[in-house]
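The values are calculated or read from the model by the stated rules, or taken from the named source; none is laboratory data. Values in this document were obtained by computation on a predicted structure and should not be read as measured data. A quick note on method: Cβ atoms are made from the backbone with ideal geometry, for glycine too, and the neighbour counts reach across all protein chains shown. Ligands, DNA and RNA are excluded from the accessible area calculation, which covers all protein heavy atoms including side chains. Shrake-Rupley method; radii C 1.70, N 1.55, O 1.52, S 1.80 Å.
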Amino acid sequence: MSSIRTDGVLTIRHQLPHRLRFDSAAPLSAERLLLIQTALQELEPSGLVRASAHRHGLVVTCHEEQRLCPALVAGLVHAAVVAPDLHGPALPLTAMDRWLGQTRQGSIKVLMALAVAGWALPILPGTPFFLLAWWLGWRPAPKPEQGDSAEAELQPSLLQPST
C-alpha cells in the first residue's frame, strides 16, 4: 500500500497497474467528480471514475490490459480538484418559469380564500386548503417590530435642547 501526497489535497491510497484509489480530506462534490471524469475521458477514453468512502475519495480504473500512469492521473485529478468554481449569474426566468410562478401565487390566494371560508362555514373544511397553501409556499408576513408601528410614528419625538 503506497501513500503518495499530491500537494495535500489528495493522497494515492492504493495503486494497481489499471486502478488508482485517491483519498481526500474534504468531500468531493458531484460537479468535481464530473469535472474529473471529463478530464480523464480526454486522456483515457476507457477510463472510469467513481466516488468512494462517502465522497471522501475516488477510484480511477481502466481496462486491465491498459496501464495508468499514476503521476499523470494524479496531476489531472489534482488540477480538477483545485480548479475554481465556474458559477456565473443565474439564468433569466423562462416564460414557463414565470407562468408557473404566477399560477402558484394564484393557487395560494384561492386556497387561502377557501380556507378562510371553511373556518366561517361549517360545511366546508378549511384546514386542508390552508395546508395546501402552506405546501405551495405561502408564509405569513413577518410582524413589524415595536418601534416600527403606526402608533410610534404618531407620537411626538422628544425635542433636544439646542446649545
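If you go through segment 32-44 and keep only what is out of contact with any helix residue (DSSP H, G or I) (no Cβ under 7 Å at 6 or more places or on another chain) and either on the phi > 0 side of the Ramachandran plot or modelled with pLDDT of 80 or more (or both), you end up with L33, L34, Q37, T38, Q41, E42. Among the residues of segment 27-38, is any in a helix (DSSP H, G or I), small (G, A, S) and out of contact with any Leu (no Cβ under 7 Å at 6 or more places or on another chain)? Within segment 27-38, one or more residues are in a helix (DSSP H, G or I), small (G, A, S) and out of contact with any Leu (no Cβ under 7 Å at 6 or more places or on another chain). Counting residues in segment 115-130 that are surrounded by 11 or more Cβ atoms within 10 Å (Cβ to Cβ), of a type in the set (F, W, Y), more than 30 Å from P17 (Cα to Cα) and touching a residue at least 12 places away in the same chain (Cβ under 8 Å) gives one or more. Scanning segment 72-100 for residues that are within 24 Å of D23 (Cα to Cα), modelled with pLDDT of 75 or more and open to solvent by 60 Å² or more (accessible area, probe 1.4 Å) turns up L72, V82, P84. Which members of segment 16-69 meet the condition of being surrounded by fewer than 17 Cβ atoms within 10 Å (Cβ to Cβ) and β-branched (V, I, T)? Matches in segment 16-69: T38, V59. For segment 45-71, a residue qualifies if it is among the charged types (D, E, K, R) and either modelled with pLDDT under 80 or more than 26 Å from the chain's Cα centre (by Cα) (or both), and the qualifying residues are R55, E64, E65, R67.
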